[in-house]
Amino acid sequence: MCSSTFKLNLNESGGNMKGIFQSKNLVNMYLSAVSVAGILLYISSYSMTPLTWSLAFTFITAILLLNHYTILLPPSGNSLSMDSAIYLAILFVFGLDMTLTILLFTSLIYAIYQKQVVWWKHLFNFSIYVIMIVCTYQSFLLTGGKLGSITVLNISSYLASFSIYFLLNVILIGLFFLLTQTESLFMLIKGMLKETISSYLITLVLSLILVLMIKQQVYLGIFLFSSVAILLSISFRQYFQLYQEVSEKADIDHLTELFNHGYFKNLLEKEINKAKKAGEPLSLGLIDLDDFKKYNDLHGHLQGDRLLKHFGAEMKRMAKSSFTVARYGGEEFAVLMPGLNQLEAYRFINQLRKQVNDTYFEGVEVLPHGCLSFSAGVIEYNLEIYNSTEMIEKADQAMYFAKTKGKNNVSLFDTENLPVDTFQYQREMDLLEQQLRIFLYKDVYTYRHSRRVYEYAIQFSKKLNLNMADRKTLIMGALIHDIGKLEIPRDVINKRGKLTKEEWEMVQKHVIWGREIVSTDRELHDLLPLVELHHERFDGKGYPYGFSGYEIPRLVRMLTVIDSFDAMTTERPYQETKSFTEAITELKSCSGSQFDPQLVDAFIEVIQESPTVDLEKMNHNKPVQVTP
């Protein structure tokens, strides 16, 4: 796709795309409508004015050359073509007839040259150019423009008509992508403009320069312009090739020649977003070579490096082309498997394990299993997984479980099967309690609130029969969810009366500060979603990110209900409280907007069934204010 003018990619054969389009009537109708409009506009606008064919041939040759010698732009690999600059220059100097004639001949020649491209792509691109050129010419005349004359007084005509040219281009192509993708037209156009606004401006300036050159000496002008464009194309191709080589080296582990840790982490984030949008499976496998330290100690680090390189080559050989294989660190490796569900990914990793067992490598006979082996954990992405870090953490837990079963094993992530000692539950609770006690001297209200939310979380997790891992995460997250309020000044957090706008913005930042505090301890990373997202709302009106519905992890949606209920029923410096009855009524009224309706019903049952709920709590009444 060219950056200066958007068009359908003519380098694809279009076979599969055509099948997709045929199943979408709206896309077919749009392609047909634009093509018919372009052809009719061409016929009605063209008047067969006699041409200087040597001049026309010169322009046609120049356009074909510049379509071939595009300027590659790093880092994305988009390209800048100068053909629009030539079309506009011809239009502004020689008028509409000559421009349309040259467009027709270049399009026909290009269609013959690109026989492998389906015909409708050529027709659609030709029609778009016709619509843009004709509308640009009419707007040029309507704004007082005169052919072949560029002065300070009429520069506005050029700017106005040029804007029409590219605005039509963005809208026409944007509508096409809107019908074939899930993004909104606004977001598509915004993205297109963001990527290409600079090249649009370059094209405008170059077209005006070419107009001046043509007015002075037409053949010499087009020759010099084409020569400069071709030389720039060659130079930028060399620069882009060098850029790619440097980028690839930065992404590759020099020992195993697999992708490195940094590249894999970035790619995993992108693949998760793709899987979330497309609803397609995505699985991750983490692999750790068994007893590698023993092999290193016995045979030396050089031989250990050879073993790592051998294992990396085996992984690359067995992996499908769609997989991404990386050295995650030391003797740990990772495989990203888009399109595979958890069981399919398990079968692949287990097949790799058996292949590695059966492939001899010098010195492995001294290892406990008598062969090269590894332990691996496999997990499939689902909407309950907050981000790439959580997905890796859970794959790592499954891998640890595989080691506890005697190594040379592959384990699926299953919260019911993970060993209890991986959680180190009591030690973590002691750590959180220690951090929470800091609130005792600064904000006793937050301390007591956190303790009550913690107690509610225990009851709620029992009510919903959560598995061991989720129960642990919810309870610990409930205890620590407001830890970020340690960063809020005491005079703000204990202020009586309404907060100012600046103070309220500061209070909202406690979720970000909380994330920063908790993220410093790797063993607490499972709690990050609860700390950072517990003020998100089911309707998308919460903070800090405006997530909505099932974008918000289930445990966070549970914590949101608990946290809000206790906030409503607890006396605080900046608000008065509701009775339990009033708070339950509030939960019901906000069910489906602020809260997940299914979780609201379940939590209300917890409150009503709890032996700690007495008549006084249910019935006391106080003035109600909005809680932060």
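The values are calculated or read from the model by the stated rules, or taken from the named source; none is laboratory data. Here the structure is a predicted model, which is why all the values come from computation and not from measurement. Don't worry about glycine lacking a Cβ; one is built from the backbone with ideal geometry, like all the others, and counts go over all protein chains shown.
Of everything listed in (1) touching a residue at least 40 places away in the same chain (Cβ under 8 Å); (2) surrounded by 12 or more Cβ atoms within 10 Å (Cβ to Cβ), the single unmet condition for K277 is (2).
Restricting attention to the range 299-337 and to residues that are over 22 Å from D358 (Cα atoms) and in a helix (DSSP H, G or I), the residue that is modelled with the highest pLDDT turns out to be L302.
Does A85 satisfy being at pLDDT below 90 and closer than 22 Å to L212 by Cα? Taking the combined requirement at face value, the residue satisfies it.
Taking the criterion of being in a helix (DSSP H, G or I) and either out of contact with any Ser or Thr (no Cβ under 8 Å at 6 or more places or on another chain) or closer than 18 Å to F361 by Cα (or both), the residues of the range 275-293 that qualify are A275, K276, A278, F292, K293. Among the conditions (1) surrounded by 13 or more Cβ atoms within 10 Å (Cβ to Cβ); (2) at pLDDT below 60; (3) within 22 Å of L232 (Cα to Cα), G77 misses just one, which is (1).
Does K509 meet the test of being in the same structural domain as Y454 (by TED's automatic domain parsing) and modelled with pLDDT of 90 or more?
yes
Output the residue which, of all residues in the range 305-344 that are surrounded by 17 or more Cβ atoms within 10 Å (Cβ to Cβ) and among the hydroxyl-bearing types (S, T, Y), is farthest from K293 (Cα to Cα). Here the answer is T324. When the range 132-143 is filtered for residues that are surrounded by fewer than 19 Cβ atoms within 10 Å (Cβ to Cβ) and touching a helix residue (DSSP H, G or I) at 6+ places or on another chain (Cβ under 6 Å), the ones remaining, listed by number, are C135, S139, T143.
The residue list K115, K146, K121 contains one member that is of a type in the set (D, E, K, R), over 22 Å from V93 (Cα atoms) and surrounded by fewer than 18 Cβ atoms within 10 Å (Cβ to Cβ), which is K115. Taking (1) in a helix (DSSP H, G or I); (2) within 16 Å of the chain's Cα centre (by Cα) in turn, N296 satisfies each apart from (2). The residues listed here are L479, L474; of these, the one that is touching a Ser or Thr at 6+ places or on another chain (Cβ under 9 Å) and modelled with pLDDT of 90 or more is L474. Quick one: in the range 324-372, of everything that is in contact with a helix residue (DSSP H, G or I) (Cβ under 9 Å, 6 or more places away or on another chain) and among the polar types (S, T, N, Q), which residue is farthest from L302 (Cα to Cα)? Of everything passing the filter in the range 324-372, Q351 is farthest from L302 (Cα to Cα). When residues in the range 575-607 are screened for being part of a strand (DSSP E or B) and in contact (Cβ under 8 Å) with a residue 12 or more places away in the chain, 2 of them pass. Note on the range 387-414: residues that are crowded, with 22+ Cβ neighbours inside 10 Å and assigned to a loop (DSSP other than H, G, I, E, B) amount to 2.
Looking only at the range 352-386, which residues are within 21 Å of H310 (Cα to Cα), in contact with a strand residue (DSSP E or B) (Cβ under 7 Å, 6 or more places away or on another chain) and not in a strand (DSSP E or B)? Within the range 352-386, R353, V356 qualify.
Scanning the range 482-504 for residues that are more than 21 Å from D566 (Cβ to Cβ) and assigned to a helix (DSSP H, G or I) yields E487, R490, D491, K501, E502, E503. Counting the residues of the range 505-540 that are of a type in the set (G, A, S), under 22 Å from R471 (Cα atoms) and surrounded by fewer than 19 Cβ atoms within 10 Å (Cβ to Cβ) gives 1. Mind listing whichever residues of the range 226-241 are surrounded by fewer than 18 Cβ atoms within 10 Å (Cβ to Cβ) and hydroxyl-bearing (S, T, Y)? Correct list: S227, S235, Y239. For the range 599-628, the candidate set comprises residues that are at pLDDT 90 or above and not acidic (D, E); within that set, the residue that is surrounded by the fewest Cβ atoms within 10 Å (Cβ to Cβ) is A602. Would you be able to say whether some residue in the range 212-225 is farther than 30 Å from V356 by Cβ, crowded, with 21+ Cβ neighbours inside 10 Å and touching a Leu at 6+ places or on another chain (Cβ under 9 Å)? Scanning the range 212-225 turns up at least one residue that is farther than 30 Å from V356 by Cβ, crowded, with 21+ Cβ neighbours inside 10 Å and touching a Leu at 6+ places or on another chain (Cβ under 9 Å). When E523 is tested against (1) assigned to a helix (DSSP H, G or I); (2) without any contact (Cβ under 8 Å) to a residue 60 or more places away in the chain, just one condition goes unmet, and that condition is (2).
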